Amino acid sequence: MAAGIDDIAIYIPRLYIDAADFAKARGLDPEKLQKGLGVSQMAIVDTNQDPACLAANACLQIMQKNKLSPEDIGRLYISTESSFDESKAMNSYVIGMLEQVYGQGAFEHCGGVETKFACVSGSYALYDNTNWIRAGEAEGKHALVVVSDIAKYDMGTSGEMTQGAGAVVMLLNDEPRLLAFDPKVTATSIKDEYDFYRPFGKETPIVHGQYSNLLYMIQVRKALEIYKKRALSSGLMKLEPGETILDHMDYLNMHLPYSNMGKKALAYLVRHEWRQLPRWKKIIQEIGMSEPVPKDPRGTIESVLGDEEFMAKDHEFTKLFTKTREYQELYEAKLASSLIASKMIGNLYTASLYLGFRSCLEFEYQKGVDLNGKRVGFGSYGSGSSAMVFSGLIQPQYEEIVKNMNLEAELAPRRKLTLQEYEILHENKLSPEEPMLHTKREFILVDVNTTTESRGERRYIFNE
Ligand code: CAA
C-alpha cells in the first residue's frame, strides 16, 4: 500500500532579525553569517507564542485548506525539542487549541504522542505513522505529523547565529498527492553522544558546535550505508558499474541547522561515495591535491578535530572539491533549492529538514522541472545522537499542491526586530500580554499559571 505525504503546511512567526544587524551588534563580519553559514534572516517568536501555538497554527491551516474535519484525523503526532512540560504531551495543548475552533471533544477519537530525539524525532514520527497507514490501521483516516521548534541559544555564543522558529505539518494518508515513501529502505544509526543537549529546566542547549557538525556527517553517512544495503537488497535500486546510490536520487534534502550545513553534509557524503568510483581519479586531478588523511584515521572525533594540520588541509580539500564542475552540477540539481527557505527563516530544529523539502518542491517547480516520479532522499540528524536516511517518490498529483506554494507571500507580513527588541524577547523580559505584534486569526498564548497548585498550566485563545 502506498503511504506518504499528501500535503504540507508551514507556520512561521511574524517577527525576525536580520543577519546583518545581528552581526553588527555582535561585532561579527556579516559575511560570516550570510556566506559562511548561509543565514540571512532568523524568525523569532513573540511573547505570546510557544511551540504548541506554532504547531496549532500550522494544523489549522492544513485542515482548513483541505477542508478536513476532526473525524478525518486518526493520529496527531508532535515532534519537538522545545518541550515545556516533562509529562503532558504537546499534542494535548494543540488538540485543546484546535477544539476551540472545531468544538470541545472534536478530536476525542484521535491518538498520538510527543516524540523526542533532538532534530531527528519528526522523521521517526513520520516513519511510525507511515507504517500505521501501511499496516491498514488507519481505516481511511489521515495522520498529522507536526514538527515544531524554537531554536534558541545563549546570547553571545556561536550558536546564537543559528536560531529560528517555526512549525511544519505533514498530512499523511494512503493516497498521497506529494510523496510516497519507499518501503523497506528506511535506515537508522544511533549512538550515545553529548554534541548538543538541553538538561531539565534549562531553556537553551549546551552545544559543542564543531563536534556536532562532524558527528552529524558521520552519523548520516552510517545511516546512508545501511540505506544503500537495504535499497539494493530490496531491489529498489540496481547499481551499474561506476554508479553510486546518490545517482539514483534526484534530490537530497538534508537536516539544516543552518543552510550551509546542508552543503557541508552533501559534500561529505558525496566525497565518501565517489571515492570508490572511477570518476574520483579525474576529480583528484582537477582538485590538484590528494585527499588528506588524519594522523590517526581510526581515532575519535576529538582526535580528528584536534589534528589541526589535517583539519586545515581537509578544509582546503573540501573547498576545492565543492568548486569542481561535477560537484557544482550535483549541488545545483539536487540540493540548492532546498536551502532557500532556511536562509530566510533560520533553524527550525525538527522542522528544518521538512522546511527544506517544502523549499525544494516550490523552487524546483518554479524552475519548470517536471517533478513527477522524482526520487527525494532525506538525511535526517538529531543530536545525542541518531540519524535516519530514507526516500520517497514524488507523486503524479504533486502539481495540485506545489503550484500554490509561495514562501515569499507567506512570509510577507513579518516585521523586522531591532536588536534591542530581540534581546528583550530573548531574555523573556515581557509577559504574553505584552506582544510586539497583535496578530489576527491565530492561536496565541495568554497565560502561564504561577500558583503552587496549578503551576505551568497554559491558557491559549484563538485571536478572532
Ligand atoms: N566571511 C565568510 N565566511 C566566513 C567568515 C567571513 N568573515 N568567517 C567565517 N566564515 C565561514 C567559515 O569558514 C565556516 O565555513 P566552512 O564551514 O565552510 O568552513 C563558516 O563561516 C562558519 O564559521 P565557523 O565554523 O568558524 O563558525 P563557528 O565555529 O563560530 O560557529 C557553529 C558555527 C559551530 C555551527 C555554531 O553556529 C554552532 O555551534 N551552532 C549550533 C550547533 C549546530 O548547529 N550544529 C550543527 C550540527 S548538530 C545539529 O544539526 C543539530 C541541531 O539542529 C542543533
So, for the chain, what is the accessible surface per residue at a probe of 1.4 Å, expressed in square angstrom? 43
Among TYR460, LEU330, THR450, the residue whose Cα sits farthest towards the positive end of the charge dipole of the stretch 308-464 (+1 at Cβ of Lys and Arg, -1 at Cβ of Asp and Glu, taken about the Cα centre) is LEU330
At 0.890 mPa s and 25 °C, Stokes diffusion of the stretch 1-68 via Kirkwood alpha-carbon radius, µm² per second: 167
If you put +1 on each Lys and Arg Cβ and -1 on each Asp and Glu Cβ, how big is the dipole of the chain around its Cα centre, in Debye rounded to 20? 1200
Would you calculate a helix-derived [θ] at 222 nm for the chain, using -39,500 (n - 2.57) for each DSSP H run of n ≥ 4 and dividing by the full residue count, to the nearest 500? -11500 deg cm²/dmol
Over the stretch 377-423, what portion of Cα pair distances is larger than 16 Å, expressed as a whole percent? 71
May I ask you to list the lysines whose Cα is less than 18 Å away from that of LYS65, ignoring any residue fewer than eight positions away on the same chain? LYS141, LYS403, LYS440
State the volume of the convex hull built on the alpha-carbon positions of the stretch 49-167, expressed per residue in Å³ and rounded to an integer. 111
Evaluated at 25 °C and 0.890 mPa s, the Stokes-Einstein D of the stretch 79-144 based on the Kirkwood radius over Cα pairs, in µm²/s, stands at 186
When you have a sec, figure out the Kirkwood radius of the stretch 159-260 from all distinct Cα pair distances and drop it here in Å to one decimal? 16.9
Once you charge only the Cβ atoms, +1 for Lys and Arg and -1 for Asp and Glu, what is the size of the charge dipole of the stretch 199-241 about its Cα centre, to the nearest 20 debye? 200
Answer in debye to the nearest 20: the dipole magnitude of the stretch 168-303 about its Cα centre, from +1 Lys/Arg and -1 Asp/Glu charges placed on Cβ, is 300
Only bridges whose two residues both fall in the chain count here: according to DSSP, what percent of them are antiparallel, nearest 5? 75
Just want to confirm a number: the relative contact order over the chain, from Cα pairs under 8 angstrom separated by 6+ residues, in percent. 25
Using C-alpha positions alone, give me the convex hull volume of the stretch 44-88 per residue in cubic angstrom. 106
Surface share of carbon and sulfur [accessible, 1.4 angstrom probe, percent] for the chain: 50
The stretch 345-447: GluC sites (Glu not before Pro) falling in loop per DSSP and having at most 11 other Cβ within 10 Å: GLU427, GLU433
Distance in Å, no decimals, from the C-alpha centre of the stretch 6-71 to the one of the stretch 394-433 is 4
Rounded to the nearest angstrom and ordered from largest down, what semi-axes does the equivalent ellipsoid of the chain get from its C-alpha gyration tensor (root of 5λ)? 35, 27, 20
For the stretch 225-346, what is the Kirkwood hydrodynamic radius in Å, using each pair of distinct C-alpha atoms? 16.0
The stretch 278-403 - Rg (one decimal) and Dmax (whole number), Cα, Å: 18.3, 54
Please work out the C-alpha center-to-center distance from the stretch 323-375 to the stretch 160-184 and express it in whole Å. 14
At R0 = 25 Å, FRET efficiency that the Cβ-Cβ distance of ARG298 and TYR194 yields, to 0.05: 0.75
If I take R0 = 25 Å and measure r between the Cβ atoms of GLU423 and LYS202 in this structure, what FRET efficiency does the formula 1/(1 + (r/R0)^6) give, to the nearest 0.05? 0.85
In the stretch 142-240, which trypsin sites (Lys or Arg not before Pro) fall in coil by DSSP and have 11 or fewer other Cβ atoms within 10 Å? LYS184, LYS202, LYS238
Over 28 Å (Cα to Cα) - which of LYS67/LYS429; LYS32/LYS416; LYS152/LYS313; LYS281/LYS343 fall in this group: LYS67/LYS429; LYS152/LYS313; LYS281/LYS343
Taking HIS315, HIS438, HIS426 and ranking on accessible area (1.4 Å, protein atoms only), highest first, one gets HIS438, HIS315, HIS426
Find the Cα radius of gyration of the stretch 379-464, compare it with 2.2 N^0.38 Å by division, and give the number to two decimals. 1.67
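The values are calculated or read from the model by the stated rules, or taken from the named source; none is laboratory data. Fair warning: this is a prediction, and the values are worked out from it, not measured in the lab. Note that we place each Cβ from the backbone using ideal geometry, even for glycine, and neighbour counts take in every protein chain shown. Heads up: the accessible areas ignore ligands, DNA and RNA and are worked out on the full protein's heavy atoms, side chains in. Shrake-Rupley method; radii C 1.70, N 1.55, O 1.52, S 1.80 Å.
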